[in-house]
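Student: Sharing a structure, written as structure tokens. Questions coming.
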Amino acid sequence: MAPSASHEGQAKPIKLGHPWRLMPETRELTLLVLGHLIVFFMSMGHDEIVAELVEDGWLIGQYAERFEIVIGFVLFLCWSALTLRLFTVLQRARASSGLCPACDEAKR
């Protein structure tokens, strides 16, 4: 990679990759999206997970439906918490970047 020259004639340091991917906010957003994907895929197969646990002897068969409901409810709570955190991260990013001047004027 060649250093890019700015308009003032000063060379910028060479950086490998996209420098914004290492910012704490970017990592937080990436982990939130990854959490959403994990919860989504677990919710798609939570009944199969319970069936495997019953088959392996980890759970009692007569309580399988109750475990499915409990696991589904826990996954719903995890999804809700991840979504609320995602909204707060996005609102903080919008407020700090100045992308929405109308939003900033409405706050004043």
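Student: Can you give me the number of residues within the range 1-58 that are at pLDDT 75 or above and not in a helix (DSSP H, G or I)?
Tutor: 3
So that you can scan it fast, the table gives a plain yes or no per residue for (1) modelled with pLDDT of 85 or more; (2) among the β-branched types (Val, Ile, Thr); (3) touching a Leu at 6+ places or on another chain (Cβ under 6 Å):
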| site | (1), (2), (3) |
| --- | --- |
| 62 | yes, no, no |
| 72 | yes, no, no |
| 80 | yes, no, no |
| 83 | yes, yes, no |
| 86 | yes, no, yes |
| 91 | yes, no, no |
| 94 | no, no, no |
| 100 | no, no, no |
| 104 | no, no, no |
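The values are calculated or read from the model by the stated rules, or taken from the named source; none is laboratory data. The model shown is predicted, which means the values in this text are computed figures rather than measured ones. With ideal geometry, Cβ positions are generated from the backbone for all residues, glycine too; neighbour counts draw on all protein chains shown.
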